[in-house]
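See structure below.
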Amino acid sequence: MKLTLRPLLTQKLVMTPQLQMAIRLLQLSRQELEQAIDEEMMENPTMEEADLADEPESNLPVDAETAPDTADPPLTPSPTLDERPMDDRPMDDDAESLGYKWEEYFAQDMGDGRDFGGVDSAPDELPSFEQTLAGTTSLGEHLSWQLRMCPLSEREMAIGEEIIGNIDDDGYLRTEIAEIATACNAPEADVERILGVIQEFDPAGVGARNLRECLLIQVSQLDLEDTTVEQIVANHLEDLERRRYPQIARALKIKPEEVHQAAKVIEGLEPKPGRPFATTQNFTITPDVYVIPVDGEYRVRLNDEGLPRLRISPYYRKMLANRDQAPSEAREYLDGKLRSALWMIKSIEQRNRTIVRVAESIVRFQREFFDFGVSHLKPLILKQVADDISMHESTISRVTTNKYMHTPHGILELKYFFNSGLARVGGYGEDVSSVSVRETIRLLVADENPTNPLKDQEIVKILRGRNVVVARRTVAKYRTELNIPPSNRRKRPF
């Protein structure tokens, strides 16, 4: 055995820091990009937000011998700041050189009730911002408030609180009575009695253990006991769900019309009593690009509102001009921060250009959608856009993730425009988009006769008549995705 040296030629992909940053920023959403910019500005003193009110300065690049090892100049124009040398600038502690006398400044009466340098002179302290916010009442809080209004003992109150704590957001009690009795060290009969008290609370049906009990509680509070409505809920709920009105009528020995009238009453009951107290958060979607119709064409405009306009700080650029006088550690620190700032600015501009190019390509492919709507959406895959703008499919995938476009038909995610296609009858003509087929199915069901709803096979025939080849199981799949029940559950007898 011996050690030898020999040359070996290999190929491998090396991701530079610039490429890593560009890929990371490309796949970020707009909100995540704002957070990344804020974090970089907090950590990097050489990068700052440009003030649009300032006049642009001569956008000269940093001297080659003073800049780090990169040929990229600052990519955004820098507004004019104080161009005097650092030694000639007045220091903050020299009040006279600034033309101010601090005694006169603090002696001025601002007239707004503020006392600089002291405690607020107002006798009452204003509430904090959190105290001024309006909060929503949860279902548990609403039930606990009603429980405290009841004439119960402390032991019964503790049992009631345990029961309320086990009621889910839909208003149902999902815990067994025996478990609650064990937790409270109380007989099950006492737990059942307190549960009966809670079941009389608002909202109607709360505290039920299943759907039948929930509806029966509401029927009782509506004074519909010993009626057809109660009999159907108690004994024929499954038949009602499947709209087996004739079977229910025969079992109860009544007319089908009476079953239909009772079914209308039951449809007005609330299957999830806790729904009104559900806290839902509505998030505002800010589009990344706008598609604007201009003279019969569509223009794509980047939405840069709210994003800071970045630049390299002139202060540190001048400091780098005198880098020979600074210690080596300070030079290395500033070189690294300046290099990071330049990469960040360049990566953001590259990201913006890529988003616009992808959006323009989508507009070219989906021109009929922008003209006529969803029914004219065409099949589109990532490779088509990638080939159109000479980019890799993975880049298109990153660009279209969590990016939104404002169109004449609403705000849509860029991925919305990419979908599979279904062939035409005989293979003639362009394929039709699966999204368009779903929309067609939704419209067909919306316009159907309730007494004779369309079956899946009938929808297949209608689509085939429109020159679209689709299987029955595919129609059933799209119908399920649209939350449309089958025809036997959509049928109404009258």
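Computed from the coordinates by the stated procedures, all read-outs in this text should not be read as laboratory data. Note that the structure is predicted; figures quoted are calculated from it, not measured.
From Cα pairs below 8 angstrom and at least 6 apart in sequence, can you work out the relative contact order of region 153-209, rounded to a whole percent?
Details: 51 pairs, mean separation 21.8, N = 57.
The normalised contact order for region 153-209 reaches 38 percent.
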With the cut-off at 1.5 for a/c, could you classify region 321-415 from its C-alpha gyration tensor as rounded, prolate or oblate? prolate
What relative contact order, as a whole-number percentage, does region 289-370 give when Cα pairs under 8 Å and 6 or more residues apart are counted? 33
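Which value results when the Cα radius of gyration for region 139-277 is divided by 2.2 N^0.38 Å?
Values: Rg = 17.0 Å, N = 139, 2.2 N^0.38 = 14.3 Å.
That works out to 1.19 for region 139-277.
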State which entries of Lys264/Lys461; Lys378/Lys491; Lys415/Lys455; Lys403/Lys477; Lys346/Lys415; Lys383/Lys415 exceed 24 angstrom in Cα-Cα distance in the structure shown. Lys264/Lys461; Lys378/Lys491; Lys415/Lys455; Lys403/Lys477; Lys346/Lys415
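With a cut-off of 8 Å between alpha carbons and a minimum separation of six or more residues, what is the relative contact order of region 209-289 in percent? It would help to have the intermediate numbers written out before the result.
Working: 41 pairs, mean separation 22.5, N = 81.
The value is 28 percent.
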Taking region 289-370, the whole-percent share of alpha-carbon pairs separated by over 21 angstrom is 52
Go through region 390-395 residue by residue and turn each phi into a ³J(HN,Hα) via Karplus (6.51, -1.76, 1.60, θ = phi - 60°); whole Hz please, and just put x for glycine and proline. 6, 10, 7, 4, 5, 5
Across bins of 5 angstrom width beginning at 0, how are the C-alpha pair distances of region 421-490 distributed, in whole percent? 3, 17, 31, 26, 14, 6, 3, 0
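In µm²/s, what is D for region 219-329 at 25 °C and 0.890 mPa s, where D = kT/(6 pi eta Rh) by Stokes-Einstein and Rh is the Kirkwood radius from Cα pairs? Show your work: numbers first, answer last.
Working: Rh = 21.7 Å.
My calculation gives 113 µm²/s for D.
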